[in-house]
Amino acid sequence: MAIVKPFQCVRPDPEYAKQVAALPYDVYSRKEACQVTAANPRSFLNIDRPETQFSDDVDIYDDRVYEKAGEMLKEWIKDGIFKSDTLEAYYVYELTMDGRKQTGIVACSSIDDYVNGIIKKHENTREEKEVDRIRHVDTTNAQTGPIFLAYRSREEINEIVNSVTSTEPLYDFMAEDGISHRVWRIHDKDRVTLIQEAFCRIPSTYIADGHHRAASAVKVGLKRREENPGYTGEEPFNYFLSVLFPDDQLMILPYNRVVKDLNGLSEEEFLSKVRQSFEVHCMGSEAFAPFEKGSFGMYLNQRWYCLRVLDSLKSADPVKGLDVSILQDNLLGPVLGIGDPRIDKRIDFIGGIRGLKELEKRCSQDMAVAFSMYPTSTPELFSVADGGLLMPPKSTWFEPKLRSGLFIHLL
């Protein structure tokens with residue numbers, strides 16, 4: 001059963017909610033983060049990426065950087081930018097993108113559920129990325145970016161959410177990227193009990209996005225347990241901030257690939273090798289996005305191609321059967337020499353939200369060939385996680401992105 005509990009939230013005063021709400025810290029380079037914070041001194045990115053408060057000669061992992069984040073959070077609470085709710089509550093968070101709504105429950109999930117595999121993962125994490133967020137959470141004494149979790153949709157939860165969203169929201173604003181955000185609070189005892197009991201009947205939840213943030217939050221919680229051997233299990237550090245969405249509302253976009261060169265092959269040699277594993281059809285100059293599993297778009301020398309993997313190379317294995325695996329195992333690896341896409345500097349990954357024009361642009365600048373992907377499905381993600389398996393890197397791109405700063409869980 002999944003432990004999903006209400007919590008005492010620190011959140012922005014409605015006057016500041018739109019200014020505070022920020023995209024996740026890891027979608028920006030340092031330069032981009034500095035541009036955002038310079039333009040908006042109330043953006044939560046100021047706290048999420050505190051190196052923006054220093055000159056470029058200060059290392060982003062300097063102790064002063066993390067201390068600054070803690071200082072700013074305390075200042076913003078003191079100045080009334082943030083307020084503390086007095087009651088433990090759940091929150092409903094609705095995001096609308098291009099007319100499509102995605103509505104989740106904001107709550108705290110158990111670090112024990114993560115450790116015991118009730119919260120299921122589908123990606124590996126990198127230690128250096130974990131360490132950064134561990135230090136941020138530990139120094140600020142707060143979880144500031146919610147983990148995006150998914151669960152198999154349940155009607156009793158949907159009914160509560162639907163009844164809540166028919167009332168007046170706490171927040172209602174449209175961000176600069178055109179995505180609408182609305183938030184409601186659920187603190188009446190009957191509804192809180194119904195939600196908590198409903199999640200207790202759900203055997204598993206799944207990390208959709210935020211593997212590094214989840215791992216970091218859990219490690220801080222385990223560290224706090226060591227520092228407090230008399231802990232009861234009810235302390236805030238035993239839980240981490242999350243937003244849980246029903247699976248039938250999720251939208252996964254493709255995670256496209258670009259490669260720097262053809263691995264020493266001429267264009268003709270490269271296409272010849274590709275044809276050993278794929279049907280290859282030239283589509284001309286019009287950008288091509290695959291419309292079914294097992295097919296890929298390829299942009300090479302200002303021409304688009306449709307690739308269809310040969311039936312003999314398809315697999316029923318939850319990981320090997322993924323399109324990202326098919327491309328890696330039959331083209332990127334053996335033809336282009338991309339052995340480990342996690343560390344190979346010759347490959348880059350482009351979120352589907354950027355569109356196919358971004359692939360063409362990169363091929364005109366610093367890349368030789370691009371691949372447009374068919375998106376991984378939510379059932380595929382669940383199948384991999386249920387099997388205790390891991391997806392290849394950059395398999396999923398979720399939109400819309402949750403905003404940081406709207407909900408803070410103090411430890």
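The values are calculated or read from the model by the stated rules, or taken from the named source; none is laboratory data. If you're wondering where the values come from, they're calculated on a predicted model, not measured in any experiment. Please note: Cβ atoms are built from the backbone with ideal geometry, for glycine as well, and neighbour counts cover all protein chains shown.
Consider only pairs whose beta carbons are under 8 Å apart and that are at least six residues apart or on different chains; among these, list those whose first residue lies in region 272-292 and is at positive phi and whose second residue is surrounded by 19 or more Cβ atoms within 10 Å (Cβ to Cβ) and part of a strand (DSSP E or B).
Gly284/Trp304
Residues being closer than 26 Å to Glu267 by Cβ and basic (Lys, Arg): count how many of those fall in region 299-336.
So the first thing to find is which residues in region 299-336 are closer than 26 Å to Glu267 by Cβ, and the list is 299-310, 312-313, 323-336.
From the residues that got through so far, the ones that are basic (Lys, Arg) too are 303, 308.
The qualifying residues number 2.
What pairs can you find where one residue is in region 315-326 and closer than 15 Å to Phe382 by Cα, the other is among the basic types (Lys, Arg) and surrounded by fewer than 16 Cβ atoms within 10 Å (Cβ to Cβ), and their Cβ atoms are less than 7 Å apart, with a gap of 6+ or different chains?
Gly321/Lys314
Within the set of pairs 6 or more residues apart or between chains, which connect a residue that is on the phi > 0 side of the Ramachandran plot inside region 372-400 to a residue that is at pLDDT 90 or above with Cβ atoms less than 6 Å apart?
Matching pairs, first to second residue: Lys394/Tyr255; Lys394/Phe349.
Filtering region 61-78 down to residues that are under 20 Å from Glu128 (Cα atoms) and touching a residue at least 60 places away in the same chain (Cβ under 8 Å), which residue is surrounded by the fewest Cβ atoms within 10 Å (Cβ to Cβ)?
Tyr61
Failed condition for Ile105, given (1) surrounded by 19 or more Cβ atoms within 10 Å (Cβ to Cβ); (2) more than 17 Å from Tyr171 (Cα to Cα); (3) aliphatic (A, V, I, L, M); (4) in contact (Cβ under 8 Å) with a residue 60 or more places away in the chain, with all others met?
Ile105 satisfies all of (1) surrounded by 19 or more Cβ atoms within 10 Å (Cβ to Cβ); (2) more than 17 Å from Tyr171 (Cα to Cα); (3) aliphatic (A, V, I, L, M); (4) in contact (Cβ under 8 Å) with a residue 60 or more places away in the chain except (2).
Assess whether Asp247 counts as being under 30 Å from Ala89 (Cα atoms) and among the charged types (D, E, K, R).
Numbers: under 30 Å from Ala89 (Cα atoms): yes; among the charged types (D, E, K, R): yes.
For Asp247, the condition - under 30 Å from Ala89 (Cα atoms) and among the charged types (D, E, K, R) - is met.
Tell me which helices (runs of 4 or more DSSP H) are completely within region 116-206 and hold 2 or more residues being within 19 Å of the chain's Cα centre (by Cα) and either at negative phi or among the basic types (Lys, Arg) (or both), or say none if there are none. Write out each step before concluding.
Values: elements: 127-140, 155-164, 189-200.
Result: 127-140.
Does region 74-86 contain any residue that is in contact with a Gly (Cβ under 9 Å, 6 or more places away or on another chain) and more than 19 Å from Glu234 (Cα to Cα)? Lay out the reasoning, then the answer.
To start, the set of residues in region 74-86 that are in contact with a Gly (Cβ under 9 Å, 6 or more places away or on another chain) comprises 82.
From what's left, more than 19 Å from Glu234 (Cα to Cα): 82.
Checking region 74-86: at least one residue is in contact with a Gly (Cβ under 9 Å, 6 or more places away or on another chain) and more than 19 Å from Glu234 (Cα to Cα).
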